[in-house]
Amino acid sequence: MSTLTLVRHGETDWNLRRLIQGSTDIPLNETGREQARAAAHTLAEQLAGERRLIVASSDLSRAQETAAIIARELGAGEPRTYPELRERSYGEAEGVGVAEFRDRWGGWDTAVVPGAETWGQVRERAVAGLRRAIRDARRATAPAAPSLVIVSHGALIRELIRYASGGQFPAETERLANGSAHTFLFERDRIRLLSYAGIPG
């Protein structure tokens, strides 16, 4: 049994401008770095006394830098990166504003965007990435089970919340804020949602 906390990366300039990033590699801005530090302080309280802490991330720079800040603040080792945990590829929508996205392709969860990954593809990739990260973390802390913090991306975390909650959460009107943390339990290859931090979109 492993406790898993998924953290959305800190803010980028594209987040600030409400542009779709997807697999485009946009770095953190200063607000994003501060959000990463704030997330680390919250995690320090939640994980107080945990000596088997592993931090990992997507391989996109905004997630990597957020994870590095969190690991440094928590006294954890260098984060390992997993390309399977990068953001959904949005095809033609990358670089497009949120309002234009809705005008051109419709609702967030139902839009079919040329060149974008399907939600099914995102889920399959994300679950495979989680299993790989958890396997690696368990090997690193064996025989004790680790607590694992993974920094990833909004759309991917949303899809994992849907998967772990049987589609009950999050509501379509909710969004996941930069730096927000969402907690899961991973047991015998089953992922269960313990808590998530959705806010009005």
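Since every read-out is calculated from the coordinates, none of them should be taken as a lab result. Bear in mind that the values here come from a model prediction, so they are computed numbers and not experimental data. As a convention, Cβ positions derive from the backbone with ideal geometry for all residues, glycine included, and neighbour counts pool all protein chains shown.
For the range 47-158, calculate the relative contact order in percent as a whole number, restricting contacts to Cα pairs under 8 Å that are 6 or more residues apart.
Values: 145 pairs, mean separation 44.3, N = 112.
Reported as a whole number, the value is 40 percent.
A quarter of the convex hull surface defined by the alpha-carbon atoms of the chain gives 10.0 nm² as the mean projection. Here, the range 1-44 has an Rg and a Dmax of 12.4, 40 Å when only alpha carbons are counted. Per-residue 3J(HN,Hα) values for the range 92-100, derived from phi via the Karplus relation 6.51 cos²θ - 1.76 cosθ + 1.60 with θ = phi - 60°, read 5, 7, 5, x, 8, x, 4, 5, 5 Hz in sequence order (x marks Gly and Pro). A simple charge model with +1 on the Cβ of Lys and Arg, -1 on the Cβ of Asp and Glu and nothing else charged puts the dipole of the chain at about 700 debye relative to its Cα centre.
Provide the packing ranking of 143-156, 81-94, 100-113, 48-61, i.e. peptides ordered by the mean count of other C-beta atoms within 10 Å per residue, highest first.
Numbers: 143-156: 21.9, 81-94: 20.4, 100-113: 13.4, 48-61: 18.6.
Highest to lowest by the protection proxy: 143-156, 81-94, 48-61, 100-113.
Normalising by the residue count of the chain, find the relative contact order in percent from Cα pairs under 8 Å and 6+ residues apart. Please report the intermediate quantities before stating the final value.
Details: 396 pairs, mean separation 64.0, N = 201.
In percent, rounded to a whole number, it is 32.
Rounded to the nearest 10 degrees, the angle from helix 61-74 to the longest Cα principal axis of the chain is 30 degrees. Between T118 and A177, the simple spin-label model (points 7 angstrom out along Cα→Cβ) gives 3.5 nm.
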